[in-house]
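Shown next, in structure tokens, is the structure this report addresses.
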Amino acid sequence: MAELLDYLKQAVDRGASDLFLVAGGAVSVKEEGNLVPLESERLMPQDSERLIAAIYEKAGRSPVRFKESGDDDFSFSVPGLARFRVNAYRQRGSMSAVVRVVAFSIPDYKTLHIPEEVMELASVKSGMVLVTGTAGSGKSTTQACIVDRINATRRAHIITLEDPIEFLHRNNQSIVSQREVATDTVDYLSALRACLRQAPDVIQLGEMRDHSTIRTAMTAAETGHLLLATLHTKGAVNTIDRIVDSFPAEQQGQIRFQLAMVLHTVVSQQLLPTVDGGVTPAFELLRLDNAVRALIRDNKTHQIESAMAAGSERGMRTMDQSILTLYKEGRITRDTALQYAENREQMERKLV
């Protein structure tokens, strides 16, 4: 059984996205969406406990939160190797962990196939920009690339509130203050309220988890800041409905009005397998114009999809339009296009 550092090095050298230390199974990595065991021997509970104890030691962190709640989320760095994001959890009474590999440098957005229309959001000066998608869809990476563009092109104070910090931003044209929940601050809400007194120009919020945080975030966007946040939702329309539905029924009318005023753009993304065995992102883009704002205010979000489909001249696109483009470019197969399409029947008619 190898030591922790050996497994971390193997994960980095193989270009893996994640390292799995789960009792009862072999130590494995995820390469281009596929699980690959690093050895045939299975981890025993005492082995996984030893490896995860070594992770906590590397991170200089106490496992108190893990012992109290049964899971923990944090990050650590190995000089000269990489930065790692850890989710430690208990399963079947044993300690296990999934370790995300994060390079020290911000990835090149062109290599990741993030379109320029998304990167241009770095020039937005105020309002709320949301990057959404399911877990593992690349939201944090897209968000980091936008912040990196801001850092390289604008003289601003950027405050990031993350749980945990994934990408390290070095001061360039901007000053970047990075705060990690549970290490630098108690929680998202208190950190967000405090940062409004820290002269921010740009606020990056790791995730909007509850209606109190969402309300404070909207207030920040209303008062002249650019607020970048993520949500675990699939699709722009679902994102808007999720925000509104997080509030009590008697407040939802007011929230729809406020959201219509402050929301600038919703980016929704998912990762699709490519013909060469890799993955590529598909992006949905909703830009709020007067028509879309009216649909949100009037509780007609079901009509937003049609507005996106007809809004290509204004830089909008639906997820299915993005998937169709990837297919026509030869980057994904017909089966993949149908599997990931929002409207399979319409997609089938377009795949000729």
- Task: Having 2 or more residues that are modelled with pLDDT under 95 and within 23 Å of the chain's Cα centre (by Cα) is the bar; report the strands (runs of 3 or more DSSP E) wholly within segment 1-44 that clear it.
- Result: 26-31, 34-42
- The one condition ASP276 fails out of (1) at pLDDT 95 or above; (2) under 29 Å from GLY15 (Cβ atoms) is (1)
- Message: Given the options VAL292, VAL267, name the one that is buried (at least 22 other Cβ atoms within 10 Å of the Cβ) and either touching a Ser or Thr at 6+ places or on another chain (Cβ under 8 Å) or within 21 Å of THR134 (Cβ to Cβ) (or both).
- Response: VAL267
- Within segment 82-97, is there a residue that is exposed (fewer than 15 other Cβ atoms within 10 Å of the Cβ), in contact with a Ser or Thr (Cβ under 9 Å, 6 or more places away or on another chain) and more than 23 Å from SER268 (Cβ to Cβ)? no
- Test result for ASP245, surrounded by fewer than 19 Cβ atoms within 10 Å (Cβ to Cβ), charged (D, E, K, R) and modelled with pLDDT of 95 or more: yes
- Message: Could you go through segment 64-72 and let me know if any residue there is in contact with a strand residue (DSSP E or B) (Cβ under 8 Å, 6 or more places away or on another chain), basic (Lys, Arg) and in a loop (DSSP other than H, G, I, E, B).
- Response: no
- Does ALA221 satisfy being crowded, with 21+ Cβ neighbours inside 10 Å, within 21 Å of the chain's Cα centre (by Cα) and not aromatic (Phe, Trp, Tyr)? yes
- Query: If you check VAL129, VAL98, VAL102, which single one turns out to be of a type outside the set (Phe, Trp, Tyr) and touching a Phe, Trp or Tyr at 6+ places or on another chain (Cβ under 6 Å)?
  - Reply: VAL98
- Enumerate the strands (runs of 3 or more DSSP E) found wholly within segment 90-199, keeping only those where 1 or more residues are closer than 24 Å to ASP13 by Cβ and either under 16 Å from the mean Cα position of the chain (by Cα) or in contact (Cβ under 8 Å) with a residue 12 or more places away in the chain (or both). 94-102
- Item | Flag if ASP184 is touching a strand residue (DSSP E or B) at 6+ places or on another chain (Cβ under 9 Å) and under 20 Å from SER75 (Cα atoms) | yes
- Item | Filter result (part of a helix (DSSP H, G or I) and surrounded by fewer than 19 Cβ atoms within 10 Å (Cβ to Cβ)) within segment 337-352 | LEU338, GLN339, ARG344, GLU345, GLN346, GLU348, ARG349, LYS350
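The values are calculated or read from the model by the stated rules, or taken from the named source; none is laboratory data. Here the structure is a predicted model, which means the values were calculated and not measured. Glycine also receives a Cβ, built like all others from the backbone with ideal geometry; neighbour counts cover every protein chain displayed.
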